[in-house]
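Input: a single structure, listed below in structure tokens.
The values are calculated or read from the model by the stated rules, or taken from the named source; none is laboratory data. Since the structure is predicted, the reported quantities are computational estimates derived from the model, not experimental observations. Backbone-built Cβ (ideal geometry, glycine too); neighbour counts: all protein chains shown. Areas reflect the complete protein model, heavy atoms only, side chains present, ligands, DNA and RNA absent. Shrake-Rupley method; radii C 1.70, N 1.55, O 1.52, S 1.80 Å.
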Amino acid sequence: QLVESGGGLVQAGGSLRLSCSASGGTISSHTMGWFRQAPGQEREFVASITWNAGSTYYLYSVKGRFTVSRDNAKNTVYLQMNSLKPEDTAVYYCAAVLSASIQTGFNQYDYWGQGTLVTVSS
């Protein structure tokens, strides 16, 4: 089970750090991903990190502002979001797949959290 936390309301230019904690199993061998879904829009890939943090990959519009990281000892993945913009407003989901490589498609992931809402005001 994946559980996201850390969402909330922030002003444009602000920062939030999302966490995704896994229970009932380990994610140490899994590629992890972050996705987001804004109202009326499709779920969108945001970032991915391989099992050993050897590789990361980002949506172009968040590159340089967001950083994905992980702590396998804590069974947790993070998404540090800086310089937030109103267009970053969405429900953010973490996902896991047993894979050694970066995955960007939502249908490639096997496990999903329930999501956490991020609202960025202008």
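Cβ-Cβ contacts under 6 Å between residues 6 or more apart (or on different chains), taken from a first residue in segment 10-28 that is within 9 Å of residue 120 (Cβ to Cβ) and open to solvent by 40 Å² or more (accessible area, probe 1.4 Å) to a second residue that is assigned to a strand (DSSP E or B) and of a type outside the set (Gly, Ala, Ser), are listed as 12/120.
If you check residue 98 against the conditions, is it over 16 Å from residue 4 (Cβ atoms), in contact with an Asp or Glu (Cβ under 8 Å, 6 or more places away or on another chain) and not β-branched (Val, Ile, Thr)?
yes
The residues in segment 89-122 that are open to solvent by less than 60 Å² (accessible area, probe 1.4 Å) and either among the basic types (Lys, Arg) or within 12 Å of the chain's Cα centre (by Cα) (or both) can be counted, and the count is 11. Evaluated against (1) surrounded by 13 or more Cβ atoms within 10 Å (Cβ to Cβ); (2) over 11 Å from the mean Cα position of the chain (by Cα); (3) more than 21 Å from residue 99 (Cα to Cα); (4) not acidic (Asp, Glu), residue 60 falls short on exactly one condition, (1). Within segment 63-81, not a single residue is more than 21 Å from residue 101 (Cα to Cα), without any contact (Cβ under 8 Å) to a residue 40 or more places away in the chain, open to solvent by 40 Å² or more (accessible area, probe 1.4 Å) and among the polar types (S, T, N, Q). Note on segment 29-49: residues that are touching a residue at least 12 places away in the same chain (Cβ under 8 Å) and among the acidic types (Asp, Glu) total 1.
Is it the case that residue 53 is at positive phi, touching a strand residue (DSSP E or B) at 6+ places or on another chain (Cβ under 7 Å) and open to solvent by less than 70 Å² (accessible area, probe 1.4 Å)? Criteria met by residue 53.
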